[in-house]
Every structure is written in C-alpha cells, then in structure tokens.
Amino acid sequence: MDALQPLTVTLGVQNVSFVAQAVDWIPELLYEIIAAAFRHKGFSFVRILQRCPEWLPHLYEPWVKDPQKMLILNHERGVRISPSLAKVYKNQEAHDPSNLNRAREIASLLHEMPVGILYRNPDIPCYEDLRCAGQLRSGPLIERGLEAEFDKFTVWPERTKQRAQARD
C-alpha cells in the first residue's frame, strides 16, 4: 500500500474531469487510455504503472503473473476490452466513469489493481473556460496583450536617452 495513493488524491481535486490508470504490460489498454485522455477537454490525469528492469524489476510481478489480480474497467463511455484480452483478464467490471463515488471506491482497492478510466465528466468546466469566461479572444486583443508583455522587456532608445540626460 502506498503512503499516498495518487488516484484517490486526484479524485479529490476540485476541477478534475478525467482520471485513469494504465499499465505498461497491457499496451492495447495503455494506448486507448492515453488516446481518451488526449481527446478529453479539461484536466486529465493518467497514472501509468511502468516496470523498471534496472531498479525494481519485480515490483509488479504478482500482477503480471496473475491476471486475476487486475480489475479491468470497461464501459461504453470508458474503454472497451477486446475479446482476446477478455480471455486473459477475466476480472472485469462494467464501470460507468461518470460515477464519482464508485470511482473513489475503486481507487481505494487494496488487493486488486484497477486498469481503465475511473472517472470522466465532460461537463466540468476546464481552466481555460473559467479564466476567459465572457471574454472574446479576437486577433487584435491577443496582439495587444502580447505587445504589452513584450514592452515590459523592451529597451526603448528614446527612454534610455532621456534617462541619461536626466542624470547629467
């Protein structure tokens, strides 16, 4: 058991809208989860459990050798497992990723390792939507903002000349 469980902590963040867990020894699900996180608009957190042959070669060995210790989460709004993977990973749960309470329960499991999308809520506003609410980002507005930022670091020859004359 980890001292700090990343999935349960992340599910407690206010604007989190996508939380998933993947493992490197199931590349098909790893790809599907990363692709879903990439397409999701908002704060996406994907925990990838990856084996390290140099420092911790046997850390995930119990789960790699015994697929029944894995809990594969599948759902039409989550990831779907292929029939060939379903034959190997029989411990599956049809988990609706919009159910935050069940996602927290799954994240807290101690004896099974969940793999899949635990939580997804596309209705939670993302940072950019909250920050720019009601403000139209037109070309001239963006240009004025950039120029104002650049002007903070620009050395203007006229101002330098005026300062030098003021010192004399």
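List residues of the stretch 1-28, by number, whose backbone nitrogen lies under 15 Å from a label position 7 Å along Cα→C-beta of Leu110.
Within reach of a label on Leu110, which here means backbone N under 15 Å from a point 7 Å along Cα→Cβ, the stretch 1-28 contributes 1-5.
What is the helix-to-structure angle for 139-151, meaning the angle in degrees between its Cα long axis and the longest Cα principal axis of the chain, kept from 0 to 90 and rounded to the nearest 10?
Once rounded, one gets 70 degrees.
If you project the alpha carbons of the chain onto their three principal axes, what span does each projection cover, largest first, in Å?
83, 42, 29
Once both axes come from the Cα atoms, what is the angle between helix 27-39 and the longest principal axis of the chain, in degrees from 0 to 90, rounded to 10?
Long axis of 27-39 versus the principal axis of the chain: about 30 degrees.
How far, in nm, would the chain grow between Ile48 and Asp129 when pulled straight, counting 0.36 nm per residue and subtracting the alpha carbon separation?
26.4 nm
Dipole of the chain, Cα-centred, from +1 at each Lys and Arg C-beta and -1 at each Asp and Glu C-beta, to the nearest 20 debye?
240
Tally Lys and Arg at +1 and Asp and Glu at -1 over the other residues with C-beta under 11 Å from the C-beta of Val79: what net charge comes out?
Net local charge, Val79 excluded: 0.
When ranked by the protection proxy of mean other Cβ atoms within 10 Å per residue, highest first, what sequence do the peptides 139-145, 29-35, 64-70 form?
For the peptides 139-145, 29-35, 64-70, the packing ranking is 29-35, 64-70, 139-145.
Using a 1.4 Å probe on the protein heavy atoms, what percent of the accessible area of the stretch 75-140 belongs to carbon and sulfur?
C and S fraction of accessible area: 51 percent.
Using only Cα atoms, locate the centre of the stretch 1-25 and the centre of the stretch 89-152, then give the distance between them in Å, rounded to an integer.
Each part's Cα centre sits 13 Å from the other's.
Can you give me the accessible area per residue for the stretch 29-131, using a 1.4 Å probe, in Å²?
64
For the chain, take the longest principal axis of its alpha carbons; what is the angle in degrees between that and the long axis of helix 157-167, to the nearest 10 within 0 to 90?
Once rounded, one gets 60 degrees.
Of the listed pairs Lys41/Lys90; Lys65/Lys87; Lys41/Lys152, which have alpha-carbon separations greater than 21 Å here?
Where the Cα-Cα span goes over 21 Å, the pairs concerned are Lys41/Lys90; Lys41/Lys152.
FRET efficiency for Arg144 and Lys41, Cβ-Cβ distance as r, R0 = 22 Å, nearest 0.05?
After rounding to 0.05, the efficiency reads 0.25.
Using only the heavy atoms of the protein chains and a 1.4 Å probe, how would Trp63, Trp55 rank by accessible area, largest first?
Trp55, Trp63
With r defined as the distance between the Cβ atoms of Tyr31 and Thr154 and R0 fixed at 35 Å, what FRET efficiency is calculated, to the nearest 0.05?
That pair, Tyr31 with Thr154, gives E of 0.15.
With runs of 4+ DSSP H residues as the only contributors, calculate the mean residue ellipticity of the chain at 222 nm using -39,500 (n - 2.57) per run, divided by the residue total and rounded to the nearest 500.
Result for the chain: -10500 deg cm²/dmol, rounded to the nearest 500.
The values are calculated or read from the model by the stated rules, or taken from the named source; none is laboratory data. Owing to the predicted nature of the structure, the values given are computational and were not obtained by experimental measurement. Here Cβ is always computed from backbone atoms with ideal geometry, including for glycine, and neighbour counts include all displayed protein chains. Accessible surface areas use protein heavy atoms only, side chains included; no ligands, DNA or RNA. Shrake-Rupley method; radii C 1.70, N 1.55, O 1.52, S 1.80 Å.
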